[in-house]
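For reference, the structure is listed below as structure tokens.
Taken together, the values in this text are just the output of simple stated rules run on the coordinates, not laboratory data. The structure presented is a predicted model; accordingly, all values stated were derived computationally and were not measured. Please note: Cβ atoms are built from the backbone with ideal geometry, for glycine as well, and neighbour counts cover all protein chains shown.
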Amino acid sequence: MPSFDIVSELDEVELRNAVDQATKEVGNRFDFKGSDARIEQAGTVLTVFADDEFKLGQVYDVLIAKLVKRGIDTRCLKRETPERISGDHLKQTITARTGVEQELAKRLVRLVKDSKLKAQASIQGDAVRVSGAKRDTLQEVIALVRKTIEEFPLQFQNFRD
């Protein structure tokens, strides 16, 4: 029975490279001279530090530009609200989400069931497995998911006959 998995993955090496490039650019830019503007990474959690909200936005824009240049979909980023640290400095946490979250997985399963296509979807940890009788049906499910889910990056893997 043909099947495939709907997943959301992130290339952590490219993420690290993009953060390194953004850190280098922030360090070299004249408008950040003498300020505490920097980016720190711990796994898939990024922390942006800056002196004020304007500089925080500028550092974030540099980071986004480098991520896009490295081929990382920025829809997987989740920004927290900036918080004040020591005096006037700001810190903002940005999480690079991987895996299909439970709420989105349930929405995908409901989408496949409501589509009246001859396919079944089941949640497999942080992925959703879709199986059907025909390959064409599965391709219709892929098209439907691409058209419907736009707020989160999804990939389709393990297409088996």
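A few comments on the model shown:
- Each of LYS91, LYS69 has some number of other Cβ atoms within 10 Å of its Cβ, and from fewest to most they run LYS69, LYS91.
- Computed from backbone phi, the HN-Hα couplings of the stretch 60-68 come to 4, 5, 4, 4, 4, 4, 5, 5, 5 Hz, rounded to whole numbers (Karplus: 6.51 cos²θ - 1.76 cosθ + 1.60, θ = phi - 60°; Gly and Pro given as x).
- Sparse packing (at most 14 other Cβ atoms within 10 Å of the Cβ) combined with a DSSP loop state is found for the following trypsin sites (Lys or Arg not before Pro) in the stretch 24-56: ARG29, LYS33.
- Mean projected area (nm²) of the alpha-carbon convex hull when the stretch 12-96 is viewed from all directions: 5.1 nm²
- Amide H contacts of ARG70: none lie under 5 Å away among residues 5 or more positions distant or on a separate chain (H built 1.01 Å from N in the peptide plane; Pro and chain starts excluded).
- Across the stretch 139-150, rounded Karplus estimates of 3J(HN,Hα) from the backbone phi angles (6.51 cos²θ - 1.76 cosθ + 1.60, θ = phi - 60°) give 5, 5, 5, 4, 4, 5, 5, 4, 6, 8, 8, 10 Hz, Gly and Pro being marked x.
- Hydrodynamic radius of the chain by the Kirkwood approach over all distinct alpha-carbon pairs: 17.7 Å.
- Loop GluC sites (Glu not before Pro), the stretch 1-98 (other Cβ atoms within 10 Å of the site Cβ: 16 or fewer; DSSP): GLU9, GLU80
- Amide H contacts of LYS134 (H built 1.01 Å from N, in plane; Pro and chain starts excluded): no residue 5 or more places away or on another chain comes under 5 Å.
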